[in-house]
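The next block holds one structure in the form of structure tokens; read it before the comments.
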Amino acid sequence: MRPRRRPAIRLLANVLVLGAIAAVAWYVVRPSSTAEHRVEGSEPASWQGLVGDAHPAVSLAGRMIVVLETPSVAQRLARVKYASEASERRWAAEDFAAQQQVLIQLARHGLSVRPDYSYARVLDGFSATLVPGAVALLEHNPEVAGVYPVRAAYPATISTATLDNAVGSSVGIPGLDGTGISIALLDTGVDLKQPYLGGRAEPGIDVVSGSSDASAQHDPQAPKRVERHGTELAGLLVGEGGPDGIQGVAPGATLLPIRVAGWQPAANGRDAVYGRSDQLIAGLERAVDPNGDGDTHDAVRIALIGETEPFASFPDSPESRAVAGALALDVLVVAPAGNDGDVGPLYGSIGGPAGSPAALAVGTTDPRVSTSAVRVVLTQGLNVFDDSELPLLDATLPGQAFEAPVGVPGDPGALRGKVALVAAGRSPTATVTAAIADGAVAVLLYGRALPPGSLGGFGVPIAELPVSAAGATRAAIRRRFSVEAAFGNAAEQPNRAAGHVASFSSRGLSFGGLLEPQVSAPGIGVPTSDPGASADGEPAFVSVTGTSVSAAEVAGAAALVAQERPGLSATDLASLVTGSARQSGGATTASAAGILDPGASAVGELSASATSLAFGPWSGPHWRETQRVVIRNVSTRRLTVTLAASSSLLTAVPDHIVLEPGAQRTVKVRARASTRPVLPVVTGILAIRPAGSPALRIPWAIAFRPPHAPLVRQVRLDPPGFTPSDKKPAVLQVVAGRIVGTATTEIEPVDRLDVLLYTSYGKFLGVLAQVRDLLPGDYSFGITGRGPTGDVLEPGSYELRIVAWPVLGKTPSRRQISFRIQ
């Protein structure tokens with residue numbers, strides 16, 4: 001029997017079959033028509049991400065995750081102090097048995113369900129494609145905690161096929177290399193033969209295909225294409241002996257690749273690289289139990305997730321619960337915040353599963369001291385549309401000054417010999433490729449805030465033009481005026497963004513109200529390994545950009561801290577990495593706690609049970625909220641600790657404590673506000689300072705303006721009168737959630753959508769459907785004319801009442817519509 005620590009727990013159509021209702025939920029979310037579009041083709045922050053290729057449309061029709069009430073191994077372990085291997089195996093067996101009972105109950109109703117994945121360690125539940133009627137039965141089953149949609153997850157990185165201007169990682173602690181620490185990489189497959197990895201990557205586990213190892217796979221439809229992302233992140237973690245002395249952050253660590261994403265069918269019938277939330281949870285199951293025997297004593301120390309589910313920062317999602325389960329099993333989960341930039345002003349753009357309160361969400365900073373720029377002058381006769389130094393997006397520098405006419409895409413060959421002026425669009429890489437294929441000698445992109453040097457290998461200058469200049473230039477070209485572009489010689493200039501959070505890095509409040517990311521790290525133009533070999537037969541290398549790059553840096557740094565201080569729990573690690581981060585102007589929606597500082601993390605003396613605190617939403621003059629934080633002395637000396645908030649809105653009780661080595665104390669952090677400030681969100685830092693040492697910092701946020709606009713904006717039933725039919729149901733159309741476009745894009749999701757059935761005189765007949773964790777979109781439900789129990793409704797008049805619950809706040813939006821059974 002071994003003692004266990006008890007860390008704090010802190011698209012086309014997707015068919016949802018709901019018993020009496022056959023529901024088709026549309027998850028493709030389009031930018032709001034009210035969003036500001038100053039120039040044709042420019043885009044606000046969207047679901048596609050500001051960095052990387054456009055996400056492929058994925059059909060997840062009917063795929064759901066069923067979460068059971070039976071506690072998982074992680075939940076059981078959190079209740080006890082010790083657990084033996086036999087106890088954990090018995091708990092896992094009991095969870096699987098509970099799942100079988102639920103499946104048997106479905107079978108008794110003639111509903112045969114075959115799970116794709118079953119979970120017991122981090123979560124008790126399973127995923128499956130559910131047949132009509134199954135969801136309603138499951139939602140009414142007291143053994144089921146909830147039924148959730150499966151989501152798509154995408155690699156959060158873009159690669160540049162050149163090392164020009166690449167900046168080797170500066171993250172590290174002298175004398176430490178991660179030896180003795182195991183890191184699970186949940187990503188696409190890894191090229192296990194890449195010499196840069198030095199044999200430190202184990203064969204791994206393939207969750208996607210179930211094969212015997214996690215090798216990078218080739219596209220079955222185009223064998224020359226291979227999965228790259230996993231190999232790139234593996235190099236960032238454990239690479240060693242690369243060109244110019246580059247190496248990963250923790251080259252002494254052991255890497256366990258777990259393939260949770262890769263080539264899978266997309267909606268267009270072709271293969272695309274992505275993962276699914278049910279596959280990600282299955283990956284966490286193996287990270288905490290690598291040999292799959294139900295005993296988690298062999299769990300890895302750190303799990304790095306390379307994918308992100310855009311904008312899906314739901315705190316109660318199955319993925320979020322699974323991350324909490326991993327933390328309870330003493331595994332630190334590090335996840336990229338996402339590449340969707342700055343939105344708001346209330347909710348941010350944090351992706352899942354980084355939005356889990358138990359995850360360590362990571363943003364990106366720009367590590368480069370200088371970047372390349374080129375002077376570009378755009379003229380039409382005597383009119384000058386732009387004369388400025390523009391950042392070069394391609395590391396390729398123009399060899400000498402030149403002039404060329406400016407063109408816009410049109411007929412084939414329209415750009416031959418011209419400078420292409422094109423909107424970056426959802427996939428800047430594809431946009432540039434098309435322009436060069438059409439003969440462009442240079443490319444001016446607009447409409448996206450891309451970091452300098454984030455594109456490469458094209459061989460022509462690529463610069464980013466301000467939207468205002470692009471608009472004037474396009475207007476002149478449409479009027480058939482001749483516009484000339486003069487490119488000067490490229491030059492290096494100081495990088496004004498050095499050390500700051502990148503424009504593409506997701507930030508802001510998660511849907512649970514947490515200020516994220518909790519920490520940021522370098523993630524632009526970082527060199528690493530690529531699968532296979534280059535043209536000269538040498539191992540392939542690329543430079544990579546994105547929040548998953550930064551997440552790999554943080555995971556590697558956490559491995560170094562764990563090597564130096566093996567007695568720390570996963571909660572301690574998360575707290576030290578985030579709370580000791582270097583401040584960059586205080587807590588803001590851009591940087592939260594600050595920038596990664598591994599050295600400070602390694603010598604920190606305090607840890608806390610939370611890396612971020614959420615208060616609110618504010619509800620009136622008498623509003624108050626209390627959070628409890630466990631503070632632990634992880635040093636070898638007696639500490640006198642002072643707690644102070646950066647605002648009078650917060651107080652800590654007590655505000656002075658004394659902790660012996662290894663001791664801990666629970667502190668109440670109280671928020672109180674009698675008036676509503678002008679800002680919709682107020683943020684700050686809770687500083688926990690031991691005498692004689694730097695403070696441990698915890699960012700906090702209070703939401704003062706929860707969504708007040710209706711979350712159900714349109715309801716329609718066609719036809720309003722019908723005869724009961726399972727084959728030809730009436731269609732209920734609901735527009736749920738909101739995308740509000742002003743200067744930025746505001747995402748307002750729905751925590752739960754209820755479809756309730758009433759008689760025309762107000763008698764409640766039951767719940768027809770419950771759909772959870774909805775991103776804004778158009779949802780359609782087929783009304784068959786059956787009631788909640790499945791019985792055919794008697795002829796007469798009825799009402800459907802649609803209730804949409806917000807993720808923050810307690811007041812739902814309500815709409816109703818009448819219909820008649822003939």
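The values are calculated or read from the model by the stated rules, or taken from the named source; none is laboratory data. All figures in this text were calculated on a predicted structure; none of them were measured in a lab. Backbone-built Cβ (ideal geometry, glycine too); neighbour counts: all protein chains shown. Surface areas here come from the heavy atoms of the whole protein model, side chains and all, with no ligands, DNA or RNA. Shrake-Rupley method; radii C 1.70, N 1.55, O 1.52, S 1.80 Å.
Figures for the structure shown
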item: Residues being touching a strand residue (DSSP E or B) at 6+ places or on another chain (Cβ under 6 Å) and either under 30 Å from Leu455 (Cα atoms) or not β-branched (Val, Ile, Thr) (or both) - total across segment 50-95; result: 14
item: Gly146 being modelled with pLDDT under 95, open to solvent by less than 30 Å² (accessible area, probe 1.4 Å) and out of contact with any Cys (no Cβ under 8 Å at 6 or more places or on another chain); result: yes
item: Only one of Ala373, Ala335 that is under 30 Å from Ala485 (Cβ atoms) and among the small types (Gly, Ala, Ser); result: Ala373
item: Residue within segment 777-796 that is within 32 Å of the chain's Cα centre (by Cα) and among the hydrophobic types (A, V, I, L, M, F, W, C) present; result: yes
item: Within segment 481-530, tally of residues that are open to solvent by 10 Å² or more (accessible area, probe 1.4 Å) and on the phi < 0 side of the Ramachandran plot; result: 24
item: Members of segment 647-657 found to be open to solvent by 70 Å² or more (accessible area, probe 1.4 Å) and not in a loop (DSSP other than H, G, I, E, B), listed by number; result: Thr651, His656
item: Residue list for segment 441-458, restricted to those being among the small types (Gly, Ala, Ser) and open to solvent by 10 Å² or more (accessible area, probe 1.4 Å); result: Gly447, Ala449, Gly453, Gly456, Gly457
item: Test result for Arg676, outside any loop (DSSP other than H, G, I, E, B) and open to solvent by 40 Å² or more (accessible area, probe 1.4 Å); result: no
item: Test set (1) open to solvent by less than 60 Å² (accessible area, probe 1.4 Å); (2) modelled with pLDDT of 90 or more; (3) farther than 29 Å from Gly616 by Cβ - Arg820 fails condition number; result: (1)
item: Filtered residues of segment 528-565 (kept if modelled with pLDDT under 95 and assigned to a loop (DSSP other than H, G, I, E, B)); result: Ser534, Ala535, Asp536, Gly537, Glu538, Gly546
item: Selected residue (only one of Gln105, Gln101 is of a type outside the set (Lys, Arg), out of contact with any Cys (no Cβ under 6 Å at 6 or more places or on another chain) and modelled with pLDDT of 95 or more); result: Gln101
item: Qualifying residue in segment 670-687 (condition: of a type in the set (Gly, Ala, Ser), within 27 Å of the chain's Cα centre (by Cα) and over 23 Å from Glu564 (Cβ atoms)); result: yes
item: Residue within segment 572-580 that is over 27 Å from the mean Cα position of the chain (by Cα) and modelled with pLDDT of 95 or more present; result: no
item: In segment 365-417, residue modelled with the lowest pLDDT [restricted to those that are of a type in the set (A, V, I, L, M), open to solvent by 10 Å² or more (accessible area, probe 1.4 Å) and within 21 Å of Gly499 (Cα to Cα)]; result: Ala395
item: Test for Arg638: is it closer than 24 Å to Leu568 by Cα, surrounded by fewer than 20 Cβ atoms within 10 Å (Cβ to Cβ), of a type in the set (Lys, Arg) and more than 32 Å from the chain's Cα centre (by Cα); result: yes
item: Residue list for segment 679-692, filter: open to solvent by 80 Å² or more (accessible area, probe 1.4 Å) and in contact with a Leu (Cβ under 8 Å, 6 or more places away or on another chain); result: Arg689
item: Single residue of segment 614-643 satisfying the filter (at pLDDT 95 or above and among the hydrophobic types (A, V, I, L, M, F, W, C)) that is nearest to Leu808 (Cα to Cα); result: Val629
item: Condition met for Leu123 (buried (at least 23 other Cβ atoms within 10 Å of the Cβ) and under 27 Å from Val288 (Cβ atoms)); result: yes
item: Flag if Pro699 is at negative phi, of a type outside the set (Lys, Arg) and either part of a loop (DSSP other than H, G, I, E, B) or over 25 Å from the mean Cα position of the chain (by Cα) (or both); result: no
item: Any hit, segment 286-305, residues being surrounded by 24 or more Cβ atoms within 10 Å (Cβ to Cβ), among the hydroxyl-bearing types (Ser, Thr, Tyr) and touching a Phe, Trp or Tyr at 6+ places or on another chain (Cβ under 6 Å); result: no
item: Candidates Ser619, Ser609, filtered to the one that is under 20 Å from Gly513 (Cβ atoms) and under 23 Å from the mean Cα position of the chain (by Cα); result: Ser609
item: Residues that are open to solvent by 10 Å² or more (accessible area, probe 1.4 Å), closer than 26 Å to Ser320 by Cα and not in a strand (DSSP E or B), drawn from segment 755-781; result: Leu775
item: Residue in segment 201-211 that is modelled with pLDDT of 95 or more and among the polar types (S, T, N, Q) present; result: no
item: Residue within segment 214-228 that is closer than 19 Å to Glu240 by Cβ, open to solvent by 40 Å² or more (accessible area, probe 1.4 Å) and modelled with pLDDT of 90 or more present; result: no
item: Residue match in segment 313-327 (condition: closer than 13 Å to Leu509 by Cα and surrounded by fewer than 24 Cβ atoms within 10 Å (Cβ to Cβ)); result: yes
